[in-house]
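Below: one structure, written as structure tokens.
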Amino acid sequence: MDFSFTEEQSMLRDTVASYLADHYSFEQRRDALKAEPGWRPNVWKAFAEELGILGAPFAEELGGLGGGSTENMVIMEELGKSLVVEPYLGTVVIGGGFLKHSGYAGASDLIGGIIGGETIIAFAYAEPQARYTWQDLKTTAKKDGGGYVINGHKAVVIGAPYATHLIVTARTGGGQRDAQGVSVFIVPKDAKGVTTRDYPTVDGFRASEVTFENVSVGADALIGADGAALPLVEKVIDEAIVATCAEACGVFRKLHEGTLEYTKQRKQFGQPISQFQVLQHRMVDMFINLEQSISMTYMADIKLSDSDVERAKGAAAAKVQIGKAAKFIGQNAIQLHGGMGMTDEMAIGHYFKRATMIESAFGSTDHHLGRYENLSLGKAA
Amino acid sequence: MNLDFSPEDAAFREEARTFIAQNYPQQLRDKQDRGEELSKEDYLSWHRILAKKGWATPSWPVEFGGTGWTPTQKYIWSEEQARADTLGILPFGVSMLAPVIYTFGTQEQKEKFLPGIRDGLVWWCQGYSEPGAGSDLASLKCKAERITGDDGKEYYIVNGQKTWTTLGQHADWGFFLVRTDPDAKPQSGISFLLIDMKTPGIEVRRITTLEGGHEVNDVFLDNVKVPVENRVFHENQGWTCAKALLAHERTGIAGVARSKRGLEKVREIAGTELSDAGGPLLADPFFKRKVAELEIDLTALEFTELRTLAGESSGKGPGPESSILKIKGTEIQQRLTELVLEAVGHYGAPYLRDLGHNTNIGPDYADGVAGGYFNMRKTSIYGGSNEIQRNIIAKMVLGL
């Protein structure tokens, strides 16, 4: 049994951490988010060229570093610590995941583009009516000659304003909520008929409502099997969940550290408030929540290469832990900062906002608890 | 023991409901519905209408403008306001300062200040917290030195900084706790001053809160000259006023009627939103249970508040038990915002504050929901944090 990281993984972590320490201070981030385009292409370029991390989970023969989900985890935790908004998750974890697992013919070119920093992907999966049921799709892709015509509306597509490509789930057959009939397409964002309505999100990202109106794509836009891609979607979303859990661990570490630091220097009633037992116990419980979250993230990462059921159970369980911890650690970090925690000028509130949004990312705590129940206890209980 | 409303109470409810329906400003209603930021005039418009009717200050003694309503009538009135989703009357003047003035103030102070508060003509703000004095309010440092002016009159010269001053950007006047005796024990050297916010030397500076709003401010005081007759109660005994005020601040904080309305909104939204199973979210077993639990907790709070009200009407002032109302009331308000955020799913993420309204991004009811959740974290911090409230109960109620 071994929970340690390889030397390469540790170096990867240090490389990312040291770059972010120099280029991603709270103030640098704040200024970039306020201005257009709301993210920093030069940071992305540095990720590609200077750090080489955009190739972390890809095979060496494709130009990558030959890593996998654990490398994603290491990187995502560091990105979480600095509240990085640049689209590693959408592009490398999700986009890369679809390309790696689908046997897609154009994969190596696109992966080359990802590694080089030119190809940026956003995942258009959610729909207004669907909540967290990924196969609930009103978006359709109808066969048309050799290709398809896509119509539909995708909700809150994180990172779409920065993207060059969209990966879209659409129905090629079956009824609106059927498991059969789900297909996945990759579409250049500038394709005719794609319109985006862009906006910021409460945690500093940019997102879009994306509308597809008679968007014609060739047969080569199809990723995975026509009408049978739901297992692929579920696998990639589970990988995204584990990466997001890792990001959350980075966010939680900062919330916890920041709170310890603040309560040690904040004096009331003639002593640092960290001396009050009620607050000490609260910070201990925050710490326990953090440690349990790290454990569950490692567990889920290991289970990613297990059977579909074990992988899904692992991801669901980790997301439940992270969702609960996000609430407990986030809310108490603000509470223990008092009024200062409520201000926009302190970093702590921004970590809290990200933690809050992670709670519902790729399914809420209740969603994953229900999913776990079904996977573990059977649907017919 | 009974909860029956008398025929008179029922008639009063009808009167209150009709009055609101016929007099609530449509323009204000529209702005509220659209979630627009309200101007100073907006905030005061409903207050002024109520003042004309004589209903702006029901809890005051009748001689100063109270309505003389029974506790039941006051309860009905707060229910009807919440039911109609009216804008709350700002508490700073009406429920925080006025009780201090009519309890501790001089005849001149009562005559000078109470009518402006009652009629919604003067906007008051609170100068209590300081950067170094939050939960430990008595450690405040903002100092006031007494001098004799060139005109032969007595003044205080005030220097220091106050913070978390809610809506201070609109304030005409402020009530401030200042230190008049630096050598006394913390609680004994404090005085309670009323300060005209137009006095030279006052600067109000915006604090942006984490949802992006402008609700609180820093207030800097640099050699601010305040006539001695603007001190309420004795010099160095302002803490007595402050304590009385905080008890009033806590009873209002339970917000039962507003939370009931909030719960209705959760039901409305969850009746529209779809669950993972495709039906209404309100039929989802997990979600439904959380709504039920919250409703039960709210009932417990409501009956605790009713018991407190009944105690008050038999002559007991709001005691340390009001800390229970503050703790449970704020926890429920926060949980309501958690439930709404959960209900709207993906559309909790868009931040539309700077995009204007009617963006057609997600359902209208989702706009600002995350901001509401972030913002309501303040309630377990302000008015004496919930940790401090528990200390009060431990000490004053349990005798520990």
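The values are calculated or read from the model by the stated rules, or taken from the named source; none is laboratory data. This structure is a prediction, so every number in the text was calculated from the model and none was measured. Here the Cβ is made from the backbone with ideal geometry for all residues, glycine too, and neighbour counts use every protein chain on show.
Observations on the model:
- So A:THR139, is it β-branched (Val, Ile, Thr), within 14 Å of the chain's Cα centre (by Cα) and within 30 Å of B:LEU274 (Cα to Cα): no
- Tabulated pairs, the range A:117-135, first in contact (Cβ under 8 Å) with a residue 12 or more places away in the chain and assigned to a loop (DSSP other than H, G, I, E, B), second among the hydroxyl-bearing types (Ser, Thr, Tyr) and surrounded by fewer than 21 Cβ atoms within 10 Å (Cβ to Cβ), C-beta under 6 angstrom, 6+ apart or interchain: A:THR119/A:THR164; A:ILE120/A:THR164
Residues are listed down the side, and each one gets a yes or a no for (1) modelled with pLDDT of 95 or more; (2) out of contact with any helix residue (DSSP H, G or I) (no Cβ under 9 Å at 6 or more places or on another chain):
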{"residue": "B:VAL204", "(1), (2)": "yes, no"}
{"residue": "B:HIS214", "(1), (2)": "no, no"}
{"residue": "B:ASP222", "(1), (2)": "yes, yes"}
{"residue": "B:VAL226", "(1), (2)": "yes, yes"}
{"residue": "B:ASN230", "(1), (2)": "yes, no"}
{"residue": "B:GLY255", "(1), (2)": "no, no"}
{"residue": "B:VAL266", "(1), (2)": "yes, no"}
{"residue": "B:ALA270", "(1), (2)": "yes, no"}
{"residue": "B:ALA277", "(1), (2)": "no, no"}
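- Number of the exception - B:SER78 against (1) in contact with a Phe, Trp or Tyr (Cβ under 8 Å, 6 or more places away or on another chain); (2) in a helix (DSSP H, G or I): (1)
- Residue in the range B:80-92 that is modelled with pLDDT under 95, buried (at least 18 other Cβ atoms within 10 Å of the Cβ) and acidic (Asp, Glu) present: yes
- When residues in the range A:204-251 are screened for being in a strand (DSSP E or B) and under 18 Å from A:ILE120 (Cβ atoms), 5 of them pass.
- Scanning the range A:257-282 for residues that are touching a residue at least 24 places away in the same chain (Cβ under 8 Å) and either hydrophobic (A, V, I, L, M, F, W, C) or buried (at least 20 other Cβ atoms within 10 Å of the Cβ) (or both) gives A:THR259, A:TYR262, A:THR263, A:ILE273, A:LEU279.
- Taking the range A:328-347 as the range and being more than 7 Å from chain B (Cβ to nearest Cβ), part of a helix (DSSP H, G or I) and touching a Leu at 6+ places or on another chain (Cβ under 9 Å) as the test, the residues that pass are A:ILE329, A:GLY330, A:ASN332, A:ALA333, A:LEU336, A:GLY341, A:ALA347.
- Criterion: more than 14 Å from every other protein chain (Cβ to nearest Cβ), among the charged types (D, E, K, R) and touching a residue at least 12 places away in the same chain (Cβ under 8 Å) - qualifying residue of A:ARG171, A:ARG206, A:ARG197: A:ARG171
- For the range B:147-172, a residue qualifies if it is in contact with a Gly (Cβ under 8 Å, 6 or more places away or on another chain) and without any contact (Cβ under 8 Å) to a residue 60 or more places away in the chain, and the qualifying residues are B:LYS162, B:THR163, B:THR165, B:GLY168.
- Here A:PHE3, A:PHE26 are screened, and the one residue that is in contact with a helix residue (DSSP H, G or I) (Cβ under 8 Å, 6 or more places away or on another chain) and exposed (fewer than 11 other Cβ atoms within 10 Å of the Cβ) is A:PHE3.
- Just one residue in the set A:GLY174, A:GLY218, A:GLY227, A:GLY204 is within 21 Å of the chain's Cα centre (by Cα) and surrounded by fewer than 24 Cβ atoms within 10 Å (Cβ to Cβ); that residue is A:GLY204.
- Among all positions in the range B:24-40, there is at least one residue which is of a type in the set (Phe, Trp, Tyr) and under 20 Å from B:LEU90 (Cα atoms).
- Within the range A:41-68, the residues that satisfy the criterion of being in a helix (DSSP H, G or I) and in contact with a Ser or Thr (Cβ under 8 Å, 6 or more places away or on another chain) are A:ILE53, A:LEU54, A:LEU62.
- Candidates are the residues of the range B:127-146 that are within 11 Å of chain A (Cβ to nearest Cβ), outside any loop (DSSP other than H, G, I, E, B) and free of Cβ contacts under 8 Å to residues at least 60 places away in the same chain; the one that is farthest from A:GLY341 (Cα to Cα) is B:SER139.
- Residue within the range A:136-155 that is polar (S, T, N, Q) and more than 19 Å from A:ALA219 (Cα to Cα) present: no
- The sole residue among B:LYS260, B:LYS243 that is within 19 Å of B:PRO99 (Cα to Cα) and either at pLDDT below 95 or not in a helix (DSSP H, G or I) (or both) is B:LYS243.
- Failed item, numbered, when B:VAL226 is tested on (1) crowded, with 19+ Cβ neighbours inside 10 Å; (2) of a type in the set (A, V, I, L, M); (3) more than 19 Å from the chain's Cα centre (by Cα); (4) under 25 Å from B:TYR382 (Cβ atoms): (4)
- Pick from the range A:117-132, criterion touching a helix residue (DSSP H, G or I) at 6+ places or on another chain (Cβ under 6 Å) and either more than 14 Å from every other protein chain (Cβ to nearest Cβ) or hydrophobic (A, V, I, L, M, F, W, C) (or both), ranking: surrounded by the fewest Cβ atoms within 10 Å (Cβ to Cβ): A:GLY117
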